[in-house]
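One structure is given below, encoded as structure tokens.
The values are calculated or read from the model by the stated rules, or taken from the named source; none is laboratory data. Every value quoted in this text rests on a predicted model; they were computed, and no experiment measured them. Note: ideal-geometry Cβ built from the backbone for every residue, glycine included; neighbour counts use all protein chains shown.
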Amino acid sequence: MSSPLTIRSADQIRAPRRSLLLGGLASLAGVLPRKSQAVNAGLNPGSTDPAFWQQPRAVKVQNADTGQRGEFVYWRDGTYVMEDYYALCTLGFDRRENKAVQIDPRVFDLVYATQAWYFGIERKRPLTLLTSVYRTSKTNRIVGGSPRSTHIEGKAADGDMEGVSPKVYAAMLLAFKAGGVGLYEKHCHWDVGRSPTFWRGGKVES
Ligand SMILES: [Zn+2]
């Protein structure tokens with residue numbers, strides 16, 4: 001379970017798992033639809049560039065509910081930038097209960113990695129629209145989430161990335177092997193900290 005947002009130093013935040021860094025995109029061949037082969041043929045940040053995770057981790061995101069948006073650099077020069085990390089956690093708050101918690105930074109790493117990947121191909125910074133990040137147990141029940149939803153633990157996000165279809169976005173997320181990826185009609189779910197798994201979403205969010 002997550003605790004309320006009470007981080008005092010970057011030391012308390014776990015570094016992204018190495019599995020994320022090593023996740024290869026080679027397996028993506030054949031997964032991406034034909035019209036997105038440009039993505040497939042280009043930058044492969046996870047596996048071909050070891051320096052990738054040493055670069056400043058900048059993300060451009062928007063909360064789909066509140067409209068709040070911004071660009072955040074939550075990691076640079078070997079450490080977390082707490083102000084921006086907090087801002088991201090706050091942006092992903094549970095609106096129903098007005099509560100924010102510490103989000104597993106690997107959730108944002110996936111936003112960063114997929115955006116950087118997209119940038120490598122299109123030379124354009126995409127926006128990731130977040131529809132749901134943190135949920136209290138109560139909210140999770142109300143929205144019909146799975147009882148063991150990783151959103152409750154601050155280890156998941158739902159959303160989509162400007163410029164790619166949910167199908168392509170799911171394939172990009174999956175390539176990093178960071179956890180679960182769900183493909184829904186209009187968005188993707190991604191979570192971290194468990195074995196890579198993929199599903200096509202029904203009505204129930206996980
Ligand atoms: Zn979800």
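Working carefully through the options L173, L130, find the one that is away from the ligand (no atom under 11 Å from the Cβ) and under 25 Å from T90 (Cβ atoms).
Answer to the selection: L173.
Here Y134 fulfils each of the conditions (1) closer than 20 Å to Y184 by Cα; (2) of a type outside the set (K, R); (3) over 15 Å from the mean Cα position of the chain (by Cα) apart from (3).
Quick check, is Y86 away from the ligand (no atom under 13 Å from the Cβ), touching a strand residue (DSSP E or B) at 6+ places or on another chain (Cβ under 8 Å) and either in contact (Cβ under 8 Å) with a residue 24 or more places away in the chain or among the hydrophobic types (A, V, I, L, M, F, W, C) (or both)?
no
Here are S165, S146: which of them is modelled with pLDDT under 95 and either acidic (D, E) or away from the ligand (no atom under 12 Å from the Cβ) (or both)? After ruling out the rest, the residue left standing is S165. Name the residue that is nearest to the ligand (Cβ to nearest atom), counting only residues in segment 133-143 that are among the polar types (S, T, N, Q) and touching a strand residue (DSSP E or B) at 6+ places or on another chain (Cβ under 7 Å). Applying the filter and picking the extreme gives T139.
Checking Q68, Q62 one by one, the residue that is under 18 Å from D158 (Cβ atoms), at pLDDT 95 or above, of a type outside the set (S, T, Y) and within 16 Å of the chain's Cα centre (by Cα) is Q62 and no other.
For segment 100-206, the strands (runs of 3 or more DSSP E) that sit wholly inside it and include 1 or more residues that are without any contact (Cβ under 8 Å) to a residue 24 or more places away in the chain are 180-183, 197-200.
Could you grab me the full set of residues in segment 76-99 that are basic (K, R) and part of a strand (DSSP E or B)? Let's see the steps before the verdict.
Let us first name the residues in segment 76-99 that are basic (K, R), namely 76, 95-96, 99.
R76, K99, listed by residue number.
Checking each residue in segment 152-162 for being within 15 Å of the ligand (Cβ to nearest atom) and over 12 Å from the mean Cα position of the chain (by Cα) picks out I152, E153.
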